[in-house]
Structures are given as C-alpha cells and as structure tokens.
Amino acid sequence: MKLFYAPEGRLRLTMEDRSHLDVVPAWAAPRTHPDRYLSLLDSKGKEILMLERLEDAGADNVEVLRQELRRRYLYSQVRRVNAVRMEFGATYWSVETDRGHRDFVTQSLQENAQWIDEEFLLLIDVEGNHYQVKPVSALDPDSLRRLRSVV
Amino acid sequence: MQTASLTPGGASAPEIPLIDVTSDLDEDGLYGVRRLVVTATEVTVSTPTGVPTCRIALSDIAKARHDPLVSGGRMIVTLKNGVIIPVVNYSLAVSEKFSEVARGIEQLSQGEELSIDMHDELKRCPKCDRLLPEKDGPCPVCVNRSKTLWRIFGFLKPYSRATTMLVAGSVCTTALNLIPPYIQKQLVDGFTSKSLETSGLLQWMALWLGLALAGSGLQIFNGRLMTYLATHISKDLRASTYRAIEYLSMKYFDRKPVGAIASRVTQDTDRVWHFLVDGFPFFITNSLMALGVIGFLFSIDAVLAAAILVPIPFILLISVRYWKPISNMFFKVSQRMARLHMQLNESLSGIRVVKAFVSEDREFKRFDERNKAWQQAAMQADQKWYTAFGMMTFAASLGALINWTVGGMFVLQGRLTLGEFIMVNSLLIMVYGPMQWFAQVNNWFSRAMAGAERIFEVMDMTPESNRELERTLDIRGDVTFDAVRFGYDKSNPVLKNMSFDVKAGEMIGFVGRSGAGKSSTINLICRFYEPDGGRILVDGVPLNEINIANYRSQIGIVLQEPFLFNGTIAENIAYGKPDASLEEIMVAARAANAHDFIVSKPDGYDSIVGERGVQLSGGEKQRISIARAILHNPRILILDEATSSVDVETERQIQEAIGRLVEGRTTFAIAHRLSTLRNANRLIVLERGEIVEMGTHEELMQRRGVFCNLVETQRAVTEIIGVGN
Ligand SMILES: Nc1ncnc2c1ncn2[C@@H]1O[C@H](COP(=O)(O)OP(=O)(O)O)[C@@H](O)[C@H]1O
Ligand SMILES: [Mg+2]
C-alpha cells in the first residue's frame, strides 16, 4: 500500500488492485487506546483496512499518516497549567499546549475530566474540545499542584 | 439575531466585507487568530498583522464546505477547475459559525443572495470577562446574587399579607425579648440596695410571666405563619420549575439525563425551601435582635459596649473569608447528588437488562462510586464548615471574657451597678448566641443560592418557540418541505436541502437505511426540533407561525417503542382526550384490533399496565398506542417503525388497524419491512439526509435504483431466513 497526497491536499491510498481518494484515517478508540487500531476509511465512510499500529503502514507512509492525523485530531496536549480556578461548578483553565496558549472552561469536572488511566487525564471543555494531559506526572510541580487542586 | 442579506455585486462596493469572522487555529493547527473576510469578489484569510494566508476569487469557487474534524473542523473550497483548497482551520468553539460561513461563500459564489445566520454569540461574560460555560448563557460567577435572592422573594408576592404579618411578629418578638434582662437589672439592683419589697418582686415576676406567655404565643404564631409561607413557596417553586422544563425544546432533553433534570425539580427546590423555613426567619429575627441589643448596650455604657463588640468584626471576617470556598463545595455536593440520582434512575429503568446480563455487581459498583464521590464532597464541605464554625465560636466566647474583665472592673470602680452588669451579660448572650449561627445561615444561604441558580437557569432558558403565538389552524393536511436543513448540532447536518410536497390525505412512506434521517424528518414534522434552514409549511402556512400546542394537538404519533404511562389501559388510550367516554375508547380499541385482548384480561379496560406498560406484550402495547392515536383523531398521522417489533400475525392485525387509521389523513410512515409500505401513495427514499428517489412503489421498482436495490436485498435476506427455518 502507498499513501500520498494527489491531487494536492487529498489523501490517496493505493493498494495493488485499486486506489481510494479522500481517505480518512480514524482511531477506533481514541480515548482508551489512543495510539492503536487505526482505521482507514474511504470517502463514503467504509473501512478499507485497519492498522493495529501506525508503524504497520510501512515506513514510507507513517509520516503522511502522522501529518493527516495531526490535521484531523485537533486535540491538544497540555504542557503547563498557568491557572485553574473553580467557581460555582465551572472550572476556568489557562494552559500552554503543544498548539500554544489556550483559555477554556469545563463544566462539572466529574464528567469532563476523565482519567483514562493513572497517567492520562482528558479534559473536555464546554464546546467539546479535547485537551490531553499525558503523562500527568511529567507536568512541572506548580502545574501539578494546580491540577490536583481541582481533579 | 441578525441575518446578513446582501446581493453580491449589487450596490455594495467590492471591498466591503459581507462576512467577517475570526478563527482560533492557524494553518499548522496551532492556536492563533485568523481572520476570514468575504467581499463581493473574493475570500481572504489573513493573520492578525494583515498578511494574507489564502486568497480566492469568488468566481473561481464551485463548492465550499465545512469538514468536521475531531475537536474542530476546517473549511474546504473546491475550485471550478477541481482543485481542493483547505482555507482555514478552527476548533469546536467556532465551528458552527464557520459551517454557516461555508454556506454563505457557496451562496455568494453562485450569485445567490447571502442568507446565513451569523448571530454573534456571547463567549465571555461582559462584566467579568470570564469565559461563559454556555454561549449566551449566564455567567455563574456574576449572576447577580442579590437578584437571585430577590427572585426567591418574588415568590412571596402572592402571600404579601402573611409576609407583612410575619415581619411585624418578628419585630414584636425582638422587642419582647429585650425586656426580661431589664427586669433582671431592676431586681438585682433592688436586692443589693435592699430597696425591693416582696410585693414589688411579685409585680416584676408577674410582668415577666406575662411577657413569657405573650412571647411564646407570638413564637407559635410566627412559626406557623412561616411554615405556611415556606411550604407554599416551595410548592410554587417546584411547579414553576417543572412547567419551565416541560416547555423546553427537545434539544435540552437530548443533552441532559433525565435524573439530572429531575433533581432540579426535587433537590434544588428543597434547598430553597430549607433556607426559607430554617435560614431566613432565623436571620431576620436575629438581625433585628442584634440591632436592638447593640443599641441598648450603647445606651447603658458606650465604652463597655464597644469593648464587648470587638470580636464581632472578626466573626464577620471569618464568614466572608470562608463563604466562597464553602459555597463552592456545597455546589459540588449538589452536583454529585444529581449524578447519583441519574445513575439510580438509569439502572432502575433498565433493571431487566441489568438482571439479564447479571451486572448487578457492576451497577452497584458504579452506584457506589458516585455515592462515595458524594460522601467525599459532602464530608469536605461540612468539615470545612465546622472549622469555620469553631473559629467563630472562639471569637464569640471572647465577648463574654471581655465583659467579665471590663464590665467587672467597671463594677469594682462603681461606674456600673451589679444589676446593669447582669443585664449586659444577658444581652451579650442574645447577640453572641445567634452570631455564631450566622455562619450556619450562611451555609443554608449558600446551598439555597446554588439550588436557586440551577432552578432559575432552567426557568431562564428559552422555551420552545411559538407557545404564545395566537395563530391557530384547522389542518387539512398539506405538508411542504422547502429546502430544509437540519442537524442535532449545527455543524453536523443530518438533513440536507430536503424538499417535497404532500397533498392532504396522502400516505407517504419514508425509506432508507438506518441512520438515513427518517426519524429526524419526522421529528421536524412534529416540531420537536427547528430546522436550521429552509421552511416547513402546513396548508401553505409556515410552521413557525402556528401555535405549537394547537398544531401538535392535530398530530398523532405511533412509535416503534410505544410509551405507556403507569395507569389503566383506558387511561392510556384516552391520554390525548382525557374526557373520552368508555364507548369512544372501545370504538378506538376495536379499530386498533386491541379490544379482544383487552376484554379477555380479568380487569378489562381497567387493567393496570405497570410502569412503561411492562405488564403487556410488545404487540399489545403497540395496539394500545394505535388506539390512542385513533381516539386522538389527528389530521396528520406519523408511524415510525410502528410494526418493527412484533410478529407477523400481530403485524397483520396492526396493519389492518393502521389501514383504518390512515383513511382521510395525511400519513407519514416509516417501516422496516418495505412490503408494509405497499399502500403508500408515494415513497421517499433517503440516503445520508438527502432525498435520492421519490415516486410510487411501481415507479421506483421500474427505475431500478436505490429503492429497487433495497427491496431486492430484503427479499434475498427473507428467503435466506426462510431457508434457514
Ligand atoms: N437526538 C439525537 N442527537 C444527535 N444525533 C442524533 C439524534 N437522533 C439521531 N441522530 C443522528 O442523526 C442521524 C439520523 O438519524 P435518524 O433520523 O434517527 O435515522 P433513521 O433514518 O434511522 O430514523 C443518525 O446519524 C443519528 O446518529
Ligand atoms: Mg428511526
């Protein structure tokens, strides 16, 4: 198989016998298995094949896939927590992420701060945007203290 | 709401922006600002410093669309030469807006009039600039607390006489309470100066007894009055909350679990009630008392009074210092209780499934987790409160120490008589006693406010529109969809540009794979949801101009999962027409082929169906719900997979009943088994929210398109099943 952009901006998957245009990579279970089971869908949403690991796509294709995934999954990774404040059930965050600075609000942390595992905290803001804290222990002590004060 | 509407290339100069929006992601997916401007001639995306990152002439554009991504989206433009260009990225915060913009660009590029909904949502609180939890919603921090309090008291309005009496009673109680310490002073001074005779003592004591009697009488009266008021207000509050919830649109019910909604009606109103019964009267009487006593103290000896009251500012300071965190904690407690309710509600409603999958332990674990979470929050809140309380008790006990020190010295110096000292001591207890409980008031108050805010939040949500419209309509039954677009959330369209015309009395079948949008179409016909674009007309009148209650009263629905209320069969059939006689009910039941099975039950029409109708079989429930629709005598009838869950013989009976029901009414039917739609005048075939074919059964079969395909697949499957049997 070969993955490439042709024409520009449109992901194409070519296998021995056929070629699919506008291929969409989709994680099967992005929360519980964030880097396993990647499904490649055709433009109609039908699965073409499933990769158990990204690397199974072959060295040539991994980069293209990474690029496309980064474009599709607009999650961000929290690197620093500048401030957290909880007032009347709403929590106000100010964080630095791999995509830059961001302020957001989460409501009822019981539902919107999910511990996927010991080291993986998922925050979902009121609009549904995802912010991943992973691994949690890699945060600096100040950030960690702020985080612990609410979750 | 503002709707942009301008003709491209018209009077407007080419450089005037028709659309001007800001995204929150840059080309590389980093957080940053990109401004997208559409003029009559081109689309430009630029950085905050004005450097363009993308520029496309409108005349080159063939298509523009919003491409939903995870946690955001991007706008994609297809040029006339087939080239696809990603224009701009954005997070979910603005994706609804950009999906509208994409439509706008497409309209402009095709020379159409620009008509999109570019309502500017409020994202931050205009007062404190905090992000708002819900766009255009209330700011939980700035929501005016005194306003909330006034609103609670607004519920007192119908009881203004009782309220006035209560206040007057409280003032009297305060005044009465101030007299006994004065009597004590007179007595003690009389004892020490030996000037008091036995008869004088008895007179004083008679007065004291009289005061005690009057005081207690007044207290009983006040207490009863307060209870009268508080229970009435609590009832009114609950009723208004329920009413407000009933009128909310279906979108609200999609988002919020039933248990969480229910807890607003019960728990949160309870908190307000407690405050009104326990907190508020306590606060009023004791504030009055404190003021009276302080005045009295100053009239005796200003220096001593000032000295005694020194700890009071500290008590107030502690209250203020702890107020915020403690009320936050109580908010958390009430949220956790709501979650516990939700869990309870869900697992009990699904108890059959729970038992069938032997997952009692798992459900218990989930329940227990939430229960523990509540315990944690409640414990932390109460413990924090007791810490604050202990500190206040200490500050209060300082008052007595000061009095014995300073007042004692004054007595030794002869500046104060012993009687006056005793009086001050009694008065002191009257100020400091309640003072420590002011923190408790605070606690009640915080809980009540948190509850009240959740209640008012619901009351302030906009109810379904058109409840108050005057216009009513006796429906004939013509239904028109004119370019209707709809999505449960706006950036993800479920129905796209749907148009069809139905004549009164026609039977229309909707066909399509599961998820194609059949039920969604029906939801729109029932006006459970509003279309995002286009119009729905009934008898030529736009649906949003007709009173919604009037309209719905002429619609009947039979769903795949019929919902019966706990009550008798007769009551359930008569749900849409509660004053129906038993004869009418039986006529409807006969027409629904339900009469025979009903009368063969020991209690006949008076049989109790159980919660959700658990005591009946699926086919029985279905026929009762059909009888309900028949009795309702609707002009427009909707059958959503009404026969999918029953066996073939029951289906035949139901089909027969439906056959009678559809006569003379506009009917929309969805059926899984395509053969059951044979009677339909026309079929509408949906695929991914779009109409792909429309026509009679024969026409569609001849066309050998999507429908024909579906029929053949189904036939093949049926045959396979047949062989397997
Ligand atoms: N209440 C809802 N909230 C969000 N999405 C919904 C809701 N109901 C249905 N959908 C989605 O809308 C699409 C169309 O559903 P529906 O109209 O129920 O299809 P069907 O043709 O099977 O009746 C599906 O993708 C479904 O997942
Ligand atoms: Mg359906």
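Quick notes on this structure:
- For region A:121-141, a decrease in accessible area of 50 Å² or greater in the assembled protein chains relative to the isolated chain, with a 1.4 Å probe, applies to A:GLU127, A:ASN129.
- Carbon/sulfur fraction of accessible area - the protein assembly as shown, other protein chains in place, 1.4 Å, %: 56
- Note on B:ARG124: accessible area is roughly 90 Å² with a 1.4 Å probe, heavy atoms of protein only.
- Heavy-atom accessible area per residue - chain B, 1.4 Å, Å²: 49
- Helix B:198-246 axis, angle to chain B major axis (alpha carbon atoms, nearest 10°): 10
- Candidate lysines for bridging to B:LYS384, where Cα separation is under 26 Å - those fewer than 8 sequence places away on the same chain excluded: B:LYS324, B:LYS332, B:LYS372
- Delta accessible area of at least 50 Å² on complex formation, residues of region A:99-117, 1.4 Å probe, chain isolated as reference: A:ARG99, A:ARG102, A:GLN110
- Qualifying lysines (Cα of each under 25 Å from Cα of B:LYS577; at least 8 residues distant if same chain): B:LYS601, B:LYS621
- Computed over chain B, the quotient of the alpha carbon radius of gyration and 2.2 N^0.38 Å is 1.33.
- The reciprocal of the average 1/r between distinct C-alpha atoms defines the Kirkwood hydrodynamic radius, which for the protein assembly as shown equals 33.3 Å.
- Protein accessible surface hidden between A and B, which excludes ligands and nucleic acids, total in Å², probe 1.4 Å: 3300
- Gained length - B:VAL614 relative to B:THR266, 0.36 nm times residue gap less alpha-carbon distance: 122.7 nm
- Chain B: angle of helix B:280-300 to the longest principal axis, Cα-based, in degrees nearest 10: 30
- Spin-label pair B:ASN633-B:ASP20: with each label point 7 Å from Cα along the Cα-Cβ axis, the two points sit 5.9 nm from one another.
- Each of B:TRP208 and B:GLU27 was given a label point 7 Å from its Cα along the Cα-to-Cβ line. The distance between the two points is 9.2 nm.
- Normalised per residue, the accessible area of region A:27-66 is 60 Å², obtained with a 1.4 Å probe and no contribution from ligands, DNA or RNA.
- Exposed-site-free run, longest, chain A (rule: GluC sites (Glu not before Pro); DSSP loop; at most 12 other C-beta within 10 Å): A:53-117
- Mean residue ellipticity at 222 nm, helices only, chain A: -5000 deg cm²/dmol; runs of at least 4 DSSP H residues each add -39,500 (n - 2.57), and the sum is divided by the number of residues.
- Within 10 Å of each Cβ in B:23-31, the average number of Cβ atoms from other chains: 4
- Solvent exposure, largest accessible area first (probe 1.4 Å, DNA, RNA and ligands not counted), of B:ASP20, B:ASP67, B:ASP361: B:ASP361, B:ASP20, B:ASP67
- Set of lysines with alpha-carbon distance to A:LYS46 below 25 Å, sequence-local pairs under 8 removed: A:LYS2, B:LYS63, B:LYS490, B:LYS496, B:LYS518
- Delta accessible area of at least 50 Å² on complex formation, residues of region B:46-75, 1.4 Å probe, chain isolated as reference: B:LEU69, B:VAL70, B:SER71, B:ARG74
- Relative protection proxy for B:514-521, B:69-76, B:200-207, from highest mean packing down: B:69-76, B:514-521, B:200-207 (other beta-carbon atoms within 10 angstrom).
- The calculated pair-distance distribution of region A:1-131 uses every alpha carbon pair, bins of 5 angstrom beginning at 0, and gives 2, 9, 17, 19, 15, 12, 11, 9, 5, 2, 1, 0 percent.
- If you take the Cα centroid of region B:512-539 and the Cα centroid of region B:646-683, the two points sit 20 Å apart.
- Helix A:59-72 axis, angle to chain A major axis (alpha carbon atoms, nearest 10°): 50
The values are calculated or read from the model by the stated rules, or taken from the named source; none is laboratory data. For clarity, every value in this text was computed on a predicted model and none was experimentally measured. Reconstructed Cβ throughout: ideal geometry from the backbone, glycine too, with neighbour counts over all protein chains shown. SASA here: full protein model, heavy atoms, side chains in, ligands and nucleic acids out. Shrake-Rupley method; radii C 1.70, N 1.55, O 1.52, S 1.80 Å.
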